[in-house]
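Reading through the structure tokens given below for one structure.
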Amino acid sequence: MGDGAIMISKYLGVAIVSLALLGSGAAASAALSGEYRQALNDLRQLPAVIEEISPPEIADPQWVIDARKARELQANRQFSAGGSRTFTYRIEVWGSTSASLAEFRLQAAETFADSRGWSRTGAVFQEVATGGEFVLVLSEAQEIERRYAPGCSAEYSCRVGQYVIINQDRWTGATSSWNAAGGSLRDYRHMVINHEVGHWLGHGHSHCSAPDQPAPVMQQQSINLEGCRFNPWPLSSELWLGR
């Protein structure tokens, strides 16, 4: 029992005795000595004593902790434009590359920050020097195949685990499918980053919904537009996060 509880118990005991004496008449009232009068005065301070008592800290049981974590995970998977979540990434270079790393870093950051991109889900992407939740790689084409064949080839960009790998040949020249449709190189760079990061965010591949419609960003536009128009940005139907 804490000090506050002891004081409350004492005051209540005194109050009961005092009320009993008061109820027995004037003679009993005279028996209220200085000790009881002081105790009654102390009773007036009881509300302040109660206010100062701190309730004991009770640890949440494990099932409550697990339920809370599950709710947080579910909330992270259901972000909308009104939400916000920060993902960190670092940049690496694989193999022998000639493309400007400074330009790669800048244009990747521009893609991440663009209001037409994954930022519409509330996602914020922050580059860090070390660590990071995923690694954005500018890679020599053959290096991708050397590390991750047969899942990845030297022809296209790829995503494996935490690695979002941009093929230097595609970064500097796009693809014949994209170029034949009249897409710009800058838009291709937006698209390939959004597409491969989309895989890391939990998306699989999509397909053209109808001729002459904007292609989903998760369509393999580098290979075939399937009758859709090239499109560097996630469609409204793709604005969800799987992590």
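Computed from the coordinates by the stated procedures, all read-outs in this text should not be read as laboratory data. Note that this is a predicted model, so its numbers are computed, not measured. When we count neighbours, we look across all protein chains shown, and the Cβ atoms used for this are built from the backbone with ideal geometry, even at glycine.
Provide 178, 94, 118, 240 in ascending order of the number of other Cβ atoms located within 10 Å of each residue's Cβ, fewest first.
240, 94, 178, 118
Among 107-115, 168-176, what's the highest-first ranking by average C-beta atoms within 10 angstrom per residue?
Output ranking for 107-115, 168-176: 168-176, 107-115.
Taking 8 Å as the Cα distance limit and 6 or more residues as the minimum spacing, I'd like the relative contact order of the stretch 118-243 as a percentage.
This gives 22 percent for the stretch 118-243.
Could you check the spin-label model distance between residue 90 and residue 235? Points 7 Å from the Cα along Cα→Cβ, value in nm.
It is 3.7 nm.
Specify, per residue and in Å³, the volume enclosed by the convex hull of the alpha carbon atoms belonging to the stretch 82-238.
Value for the stretch 82-238: 107 Å³ per residue.
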